[in-house]
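Please find one structure pasted underneath; my questions will follow.
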Amino acid sequence: MRPDIVKRFLTNTDETGRFLMKSRITGIIYFVEPLYNGKTPQWGDVDPATKKITGQYGSKYTGAVTKKESLITEENGFVNIGYFKGSPFGAIEVRDKEHQKRMGL
């Protein structure tokens, strides 16, 4: 893995939601990147005159990135890329158990 990609991956994690998870059994480091479709809920201040929501609060600190912003790509050196809904921890556990079997652990 290129060091510049790892550095970019771990930059501004509050906004991107990206994190690493290292298996204590296999030693494999899993890169996790929550994706969203780019549409955030509208919320902010209600203008009393127009009754419209003002402010850009919904586009800040989404805790995820769009697929276009994703760093987890083959071009960036990632292999065995998987997509799933829900918590990443269950999917990581399944993958890690498969690696354990292949490694004979």
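The values are calculated or read from the model by the stated rules, or taken from the named source; none is laboratory data. Predicted, not measured: the structure shown is a model, and the values here were computed from it. Cβ coordinates were reconstructed from backbone atoms using ideal geometry, including for glycine residues, and neighbour counts include every protein chain displayed. Protein only, heavy atoms only, side chains kept; ligands, DNA and RNA dropped before computing areas. Shrake-Rupley method; radii C 1.70, N 1.55, O 1.52, S 1.80 Å.
Give me the extension gain from VAL46 to LYS85: residue separation times 0.36 nm, minus the current Cα-Cα distance, reported in nm with one decimal.
10.7 nm
Which translational diffusion coefficient, to the nearest whole µm²/s, is obtained for segment 3-103 from the Stokes-Einstein equation, given a Kirkwood hydrodynamic radius over C-alpha pairs, 20 °C and 1.002 mPa s?
My calculation gives 135 µm²/s for D.
Return the subset of LYS22/LYS68; LYS51/LYS85; LYS22/LYS85; LYS7/LYS85; LYS7/LYS52 for which the Cα-Cα distance in this structure is over 28 Å, preserving the input order. Display every interim value, and only then the final one.
Working: LYS22/LYS68 26 Å; LYS51/LYS85 36 Å; LYS22/LYS85 20 Å; LYS7/LYS85 26 Å; LYS7/LYS52 40 Å.
Violating the 28 Å limit, Cα to Cα: LYS51/LYS85; LYS7/LYS52.
Tell me the carbon and sulfur percent of the accessible area for segment 3-103, rounded to whole percent, probe radius 1.4 Å.
54
How many nm is it between the label spots at TYR36 and GLU74, if each spot is 7 Å from the Cα in line with the beta carbon?
So the label points at TYR36 and GLU74 sit 3.0 nm apart.
Would you mind checking which residues have amide H under 5 Å from ILE28's amide H? H placed 1.01 Å from N; only 5 or more apart, or other chain.
For ILE28, the qualifying residues are SER23.
OK, next. Considering Cα pairs under 8 angstrom that are at least six residues apart, work out the relative contact order of the chain and quote it in whole percent.
In percent, rounded to a whole number, it is 28.
Another one. Relative to the longest principal axis of the chain, what angle (0 to 90°, nearest 10) does the C-alpha long axis of helix 88-103 take?
10
Next up: Whole number in Å², please: accessible area per residue of the chain, 1.4 Å probe, ligands, DNA and RNA not counted.
Per-residue accessible area for the chain comes out at 77 Å².
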